[in-house]
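Taken together, the values in this text are just the output of simple stated rules run on the coordinates, not laboratory data. These figures come from a predicted structure and were not determined experimentally. Here the Cβ positions follow ideal geometry from the backbone for every residue, glycine too, while neighbour counts run over all protein chains shown.
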Amino acid sequence: MLYSMTGFGKGIFNFNDKKITIEIKSLNSKQLDLNTKIPNRYRDKELDYRNIISKGLSRGKIDMTMKVESTDNSNEFSINTETAKKYLEEIQKIETSLDIRSKDYTAILMNLPGVVNAKEEDEVQQAEYDAIMSALSEAVENANKYRRDEGKILEQDFIKRINLIINYLSQIEPFEKARIENIRTRIVTDLSTVNIDYDKNRFEQEMIYYIEKLDITEEKVRLANHCDYFLKTLEGNESQGKLLTFISQEIGREINTIGSKANNMEIQQIVVKMKDELEKIREQLANIL
């Protein structure tokens, strides 16, 4: 089972006259990189929030945002009329001295300190914190569900591309047999053109040694085994992004060795196709937990 590091989750709860929304967004990262945006009123429990997120999501670049909206609009703020009057008197004095006139006094006054006072809130009760923790856990659970759904899509893509590599590997064999004879024929032909005597027995020994160095049987067997290991790892109960990355490196090593030993245009073309599929796998593995 795979989990993507890309995810989104939301938790919403109502408490008295407030609606609090918690959103979690995550992207790929080698480590846990957690950023929070929390109203000052609720920051006392930030460490607890972080513990819940880190245990639930473990890795990735994660942004947690808490938004608070009031559902009671009756007494959200008060206007200090006396303070506003004093500001207005001072503004009018400045206008007179500078010989300027402004008609929009209201907009100016509403933005001056002490004119509009927000309603003072009581200390946060434990019941409210409990509700926040519940909403946060819900957001983490939803983010994990998103990650799991993304992981299923990536898993199917990995299976398809690994099977393509296995299929390309099977296509090498016909060209592999022909290339040995082509190499032998070419060398014999080249020797005949220089018109020199040579020890036939020694030639056969050197030819066998040379052909053994070009043999790719071991690389083919190891590549098939690595591909099989990759597919079996996908079937596990845990997301193994780091292990799959390591296996993909081993797959790439065998493909490169086959390419370097190929000495055959058709095999080289097949190797290029395998490399293309592997590169697409590696790009997606960077986003796997």
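The table for this structure:
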quantity	calculated
At R0 = 35 Å, FRET efficiency that the Cβ-Cβ distance of Ile52 and Asn111 yields, to 0.05	0.35
FRET efficiency estimate (nearest 0.05) - Cβ-Cβ, Glu212 to Ala178, R0 22 angstrom	0.80
Sparse-neighbour loop sites [GluC sites (Glu not before Pro); the stretch 22-81; at most 12 other C-beta within 10 Å; DSSP]	Glu76
Sorted peptide list for 51-59, 34-42, criterion being average Cβ within 10 angstrom, highest first	51-59, 34-42
Inter-probe distance in nm under a simple model that places probes 7 Å from Cα toward Cβ, at Ser192 and Leu88	11.4
Ratio Rg/Rh [Cα only; Rh per Kirkwood] for the chain	1.37
Sum of -39500 (n - 2.57) over DSSP H runs of 4+, divided by residues of the chain (222 nm, nearest 500)	-21500 deg cm²/dmol
Distant-in-sequence amide H partners of Gly60 (H built 1.01 Å from N, under 5 Å)	Ser29, Gln31, Leu32, Asp33
Ordering of 218-228, 1-11 by burial proxy (mean other Cβ atoms within 10 Å per residue, highest first)	1-11, 218-228
Within the stretch 128-217, chymotrypsin sites (Phe, Trp or Tyr not before Pro) in DSSP loop having at most 15 other beta-carbon neighbours inside 10 Å	Tyr198
Size of charge dipole - the chain - debye, nearest 20, with Cβ of Lys, Arg +1 and Asp, Glu -1, no other charges	420
Cα-based helix-to-principal-axis angle, 241-262 vs the chain, degrees rounded to 10	30
Separation in nanometres of the label points that stand 7 Å from Cα toward Cβ, at Arg148 and Asn16	3.6
